[in-house]
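The values are calculated or read from the model by the stated rules, or taken from the named source; none is laboratory data. The structure presented is a predicted model; accordingly, all values stated were derived computationally and were not measured. Calculation scope for accessible area: heavy atoms of the full protein, side chains included, ligands and nucleic acids excluded. Shrake-Rupley method; radii C 1.70, N 1.55, O 1.52, S 1.80 Å.
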Amino acid sequence: MNENRRHHPSFILFKIGKLIRNSVFIFLFLFIFQSDNHSALFLYGRYIFLLFILWSIVSAVLNWLTTTYSLDNQRFYLRRGIFSKTEQSIPFSKVQNINRHTSFSHRLFGLTSISFETGIAGEDASVKFEVATKKEAARLEAAVQEPSKFVEDEPQTSLNETEAPACAEQVPYVSKPQDDRVIHFQPTHRDLLKASMTSFSFFLLVPLLASLLYNISEVIGIEERLDRIGTSLVSSSLGITAAILLIITASFIFGIVHTFIKYGRYEISSDSTRVYIKKGVLSEASFSIAKERVQAIEITQSFSKRIFGLAEVKLISAGSLSMESDDLSISSLYPFLPKKKAYSIVSELLPGYHIQEDMHRLPRRSFWVRMIKPSWLWLIATALLFYFQPNFLGINSTWWIASILLLVLVVISRILDFLHTRYCLNDEMIQLKNGGYTSTLFVTKRGKIVEVEITQNRIQRALGLSSLQTVTRARPIHTSYLEDVPDSLARTFQGWYRGRTKEVKLDTTNHDNSLPEFR
């Protein structure tokens, strides 16, 4: 087993930096805005705040001193705790996916962070290295991917200084070469421009500027100056036109720049065993997952993406995709892929997942069942509108006009949902598609489904219809629905799912391999 090591010393600086970032508002409030307030509440509040800062710094140092890790060719060994010691052992076989995140602060110091996500529930669901050298992160990642080739490296970080010279003579670990990786997609400038239009990121500028001006006015007090500028602009039609054109131009430029920064270096690649995704210009994030760990595929098309023929493909896994409070959102195979390209990339990355576009539609009687269902959203909204009877733009009948418009939107959503809902059962694959203004295609293998449920209400029973529900391991648990399908499909689906016992072997160490469960 490899020797115990501490995390990189910069771990302390990053903890202190995060502490300062989270405490700056409290500091300004206590020591700047209320500096003349000498009441007991603020006086003792300042002392408590300073004690909290001091203890947090001491705690960061003690955490670094008492937190160690080691690994062999099978598992991680983690030890932590200042007053209460905790030891943990996590096998590499439990790792579902690997996330890397290199923030701007990491890049300044030539560091990165890496997280190994498992399918285990609870606080200890992942092995996180918030600060690590890129060499050490590559060594840890390669050790998990190829445990049989694990060799100790970076002996200078060992806690046993007397053995450092002996360790230095060992052969360093050589990470897996990337020559066998195949790049499947890199966005062009045209792709990025189309993404900036469909992501509506240009709408972010106005609320961002409004929030910025509000915070500045709270400190400096520029309300009167802003009022004078606003009055001079609206005093003439030329000023109003110029202001509108300026805001529109700046918003589009901001949206394009925001998209280029976020997706400018997006790359989807794979080798024989894993899928790799990376993105980001200023702040980099990467994601890798073993192909066998992919639980399902979800293809989503919003209304705007459907107009441009785009789709978002997401890989569903049992591991988390977050690095502390920052959601990486990195399991998506580029959220703005052309639909045909998305289907072909899925087949290239995961040969076992072949998306079939020719799917079965629901019978006509399913349409009428959906149309006669009461819309609780419309009923509650109509009741509130009738009670308050708002007067918009001087129109006295606003409430019933809004109620009719909402009813039209509900009806259109149900029509679209009926048209989009389709299904397909193959030997080992299942495809379920539904959704109104946003449609979702769910594709998975029979062996990845851990639970199914078949339900039927009175109306469905009279018309020979049922509803299906599938549960797939993910974080959180992923549930898919298919409502108002013929009873014949429900019976076929039940027999199809029972065939799962022929494909999986019961294994107490693998939660995927469980017997079929019906409800």
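Worth a mention:
- Based on C-alpha pairs under 8 angstrom that are at least 6 apart in sequence, segment 236-319 has a relative contact order of 17 percent.
- Computed with a 1.4 Å probe over protein heavy atoms only, the accessible surface of segment 332-371 comes to 50 Å² per residue.
- Unsatisfied cross-links (Cα-Cα over 21 Å) in the set K262/K291; K94/K291; K279/K314; K314/K340; K314/K445; K94/K135: K262/K291; K94/K135
- Hydrodynamic radius by Kirkwood, which averages 1/r over all alpha carbon pairs of segment 44-103, in angstrom: 14.4
- Protein accessible area in segment 47-91, 1.4 Å probe - carbon and sulfur %: 66
- Here segment 341-461 exposes an accessible surface that is 64 percent carbon and sulfur, computed with a 1.4 Å probe and the other protein chains kept in place.
- A 1.4 Å probe run over segment 375-441, with the rest of the protein chains in place, finds 61 Å² accessible per residue.
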